[in-house]
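Below: one structure in structure tokens.
The values are calculated or read from the model by the stated rules, or taken from the named source; none is laboratory data. What you are looking at is a predicted structure, and each value in this text was computed from that prediction instead of being measured. Note: ideal-geometry Cβ built from the backbone for every residue, glycine included; neighbour counts use all protein chains shown. We work out accessible area using only protein heavy atoms, side chains counted, and drop any ligands, DNA or RNA first. Shrake-Rupley method; radii C 1.70, N 1.55, O 1.52, S 1.80 Å.
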Amino acid sequence: QVQLVESGGGLVQPGGSLRLSCAASGSILGINTMGWYRQAPGKQRELVATTTSDGSTKYADSVKGRFTISRDNAKNTVYLQMNDLKPEATAVYYCNAPIVATIKGAYHKVWGQGTLVTVSS
């Protein structure tokens, strides 16, 4: 069984920073794409950023220049550094991997349980 476990959420003031982490576990052979999504109260889940195993990245326009996604392939871990946070960034942040290759086969559409980020003074 594959698990994605997020950590690093919390309460931060506007203009502050947070770093989220997501670690994948479960006899993993490889993960090509890993990403972060978020869901604010009353809104649909939206893409924040993704990264592939070769280092390419993609960002939502709303976070470009302030958020940075990175990963440690050896640890099957993805990070999201969030700077200059705004109140509208308040949401539950979810880690995602579309396909995870394991010794028992491939797992599709794997999601973490989410971590809450609250930006408020």
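(1) over 17 Å from Asn73 (Cβ atoms); (2) without any contact (Cβ under 8 Å) to a residue 24 or more places away in the chain: which one isn't true of Ser56, the others all being true?
Every condition holds for Ser56 apart from (1).
Can you name the residue in segment 42-57 that is within 26 Å of Gln13 (Cα to Cα) and in contact with a Ser or Thr (Cβ under 8 Å, 6 or more places away or on another chain) and, of all such residues, is most open to solvent (accessible area, probe 1.4 Å)? Outline the logic, then answer.
In the first step, residues of segment 42-57 are kept if they are within 26 Å of Gln13 (Cα to Cα); the result is 42-50.
Checking which are in contact with a Ser or Thr (Cβ under 8 Å, 6 or more places away or on another chain) leaves us with 49-50.
Values: Ala49: 0, Thr50: 25 Å².
Of everything passing the filter in segment 42-57, Thr50 is most open to solvent (accessible area, probe 1.4 Å).
Using beta carbons and a limit of 8 Å, which pairs, at least six apart or on different chains, have the first residue in segment 24-49 and on the phi > 0 side of the Ramachandran plot and touching a residue at least 40 places away in the same chain (Cβ under 8 Å) and the second one outside any strand (DSSP E or B) and crowded, with 17+ Cβ neighbours inside 10 Å?
Gly26/Val2
Give me a count of the residues in segment 72-121 that are among the charged types (D, E, K, R) and either buried (at least 21 other Cβ atoms within 10 Å of the Cβ) or closer than 25 Å to Pro14 by Cα (or both). So that I can check it myself, show each step before the final result.
Initial filter on segment 72-121 (among the charged types (D, E, K, R)): 72, 75, 84, 86, 88, 104, 109.
Narrowing further to those that are either buried (at least 21 other Cβ atoms within 10 Å of the Cβ) or closer than 25 Å to Pro14 by Cα (or both): 84, 86, 88.
Counting residues in segment 72-121 that are among the charged types (D, E, K, R) and either buried (at least 21 other Cβ atoms within 10 Å of the Cβ) or closer than 25 Å to Pro14 by Cα (or both) gives 3.
Also: Anything in segment 73-116 that is of a type outside the set (D, E, K, R), free of Cβ contacts under 8 Å to residues at least 40 places away in the same chain and in a strand (DSSP E or B)? List them, or say none.
Hits for segment 73-116 are Gly105, Ala106, His108.
Could you list, in sequence order, the residues of segment 1-16 that are assigned to a loop (DSSP other than H, G, I, E, B) and either open to solvent by less than 50 Å² (accessible area, probe 1.4 Å) or out of contact with any Phe, Trp or Tyr (no Cβ under 9 Å at 6 or more places or on another chain) (or both)? Before the answer, list the steps.
First, the residues of segment 1-16 that are assigned to a loop (DSSP other than H, G, I, E, B): 1-2, 8-9, 13-16.
Within segment 1-16, Val2, Gly8, Gly9, Gln13, Pro14, Gly15, Gly16 meet the criteria.
Just the residues that are assigned to a loop (DSSP other than H, G, I, E, B) and either among the acidic types (Asp, Glu) or in contact with a Cys (Cβ under 9 Å, 6 or more places away or on another chain) (or both), please, taken from segment 17-72. Explain how you work it out, then say what you get.
Keep residues of segment 17-72 that are assigned to a loop (DSSP other than H, G, I, E, B), which gives 17, 26-27, 32, 40-45, 53-56, 60-66.
If the condition is that a residue be assigned to a loop (DSSP other than H, G, I, E, B) and either among the acidic types (Asp, Glu) or in contact with a Cys (Cβ under 9 Å, 6 or more places away or on another chain) (or both), then Asp54, Asp61 are the ones that fit.
Residues in segment 41-66 that are of a type in the set (A, V, I, L, M, F, W, C) and either at pLDDT below 95 or under 28 Å from Leu29 (Cα atoms) (or both): how many?
Going residue by residue through segment 41-66, those that are of a type in the set (A, V, I, L, M, F, W, C) are 47-49, 60, 63.
Pick out the ones that are also either at pLDDT below 95 or under 28 Å from Leu29 (Cα atoms) (or both) and you get 47-49.
Within segment 41-66, residues that are of a type in the set (A, V, I, L, M, F, W, C) and either at pLDDT below 95 or under 28 Å from Leu29 (Cα atoms) (or both) number 3.
Which ones in segment 17-28 are open to solvent by less than 60 Å² (accessible area, probe 1.4 Å) and more than 15 Å from Tyr93 (Cα to Cα)?
Ala24, Ser25, Gly26, Ile28, listed by residue number.
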